[in-house]
1. Does T124 qualify as being in the same structural domain as S68 (by TED's automatic domain parsing) and either hydrophobic (A, V, I, L, M, F, W, C) or in a strand (DSSP E or B) (or both)?
2. Of all residues in the range 169-193, how many are within 22 Å of the chain's Cα centre (by Cα), surrounded by 17 or more Cβ atoms within 10 Å (Cβ to Cβ) and not aromatic (F, W, Y)?
3. Where residues in the range 138-188 are among the acidic types (D, E) and at pLDDT 95 or above, which of them is nearest to N75 (Cα to Cα)?
4. Are any residues in the range 147-198 touching an Asp or Glu at 6+ places or on another chain (Cβ under 9 Å) and closer than 19 Å to E86 by Cβ, and if so, which ones?
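The values are calculated or read from the model by the stated rules, or taken from the named source; none is laboratory data. In this text, all values refer to a predicted model and were calculated from it rather than measured experimentally. Reconstructed Cβ throughout: ideal geometry from the backbone, glycine too, with neighbour counts over all protein chains shown.
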Amino acid sequence: MSDHFKGWQDGHLPPPEIPEQEPAEQIKESGEQVLDIGAIADGELLVRDGTDIVGWSGIVPSARVYNSANISIPNNTVTVLTFNSELLDTDNIHDTATNPSRLTCKTAGLYAIYGNAQFAAHATGARSVLIRLNGTTFIAEAVAGSAGIVQSPPVSTQYPLEVGDYIELAVWQNSGGSLAVNYVDAYTPVFGMTRIGA
């Protein structure tokens, strides 16, 4: 037992000072400023550096779009899909009227990009779903073989995008004739991107 603690017990010394605890609903930032957790809006993230909060990220740039109808895909032709509906779009990434095939980067950073397209059942040929950058470069592909059942090859990647870069979801099939990409609720065809880093 320390001399200070024994002295306090004997009444010879004042009790040791106990620092006040931060309120449970608050977080201490670097320095002395305190941030109120209750002030965080839906969709916002705290940016941390170790144990300190260094700022707010604001709304996360993200979009998820889909087409609400079947799309006919010609044989042996890479076809870019268009999307007439939006489940979410927090950064004006998509436009259903102008270039509806595109998700356009408005905030530079690293993005998680994903897509899915369900092909109608057919026993001949292969199926492919691809992500294309700026109309020229394919940056991801998923392939499925032929089958007498529907095929839904999901494709995804992480890729750094600059402001103005755009991505598209393309499909390909060689069944010997036209083949539909099926619409199923908001599940297919679907295309999306979410910023996950600077």
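1. no
2. Total meeting the criteria: 8.
3. If we take residues in the range 138-188 being among the acidic types (D, E) and at pLDDT 95 or above, then E141 is nearest to N75 (Cα to Cα).
4. F191, R195
Per-residue answers, yes or no, for (1) surrounded by fewer than 16 Cβ atoms within 10 Å (Cβ to Cβ); (2) out of contact with any Ser or Thr (no Cβ under 8 Å at 6 or more places or on another chain):
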{"position": "V80", "(1), (2)": "yes, no"}
{"position": "L88", "(1), (2)": "yes, no"}
{"position": "I93", "(1), (2)": "no, no"}
{"position": "L103", "(1), (2)": "no, yes"}
{"position": "Y111", "(1), (2)": "no, no"}
{"position": "F119", "(1), (2)": "no, no"}
{"position": "F138", "(1), (2)": "yes, yes"}
{"position": "E141", "(1), (2)": "yes, no"}
{"position": "G148", "(1), (2)": "yes, yes"}
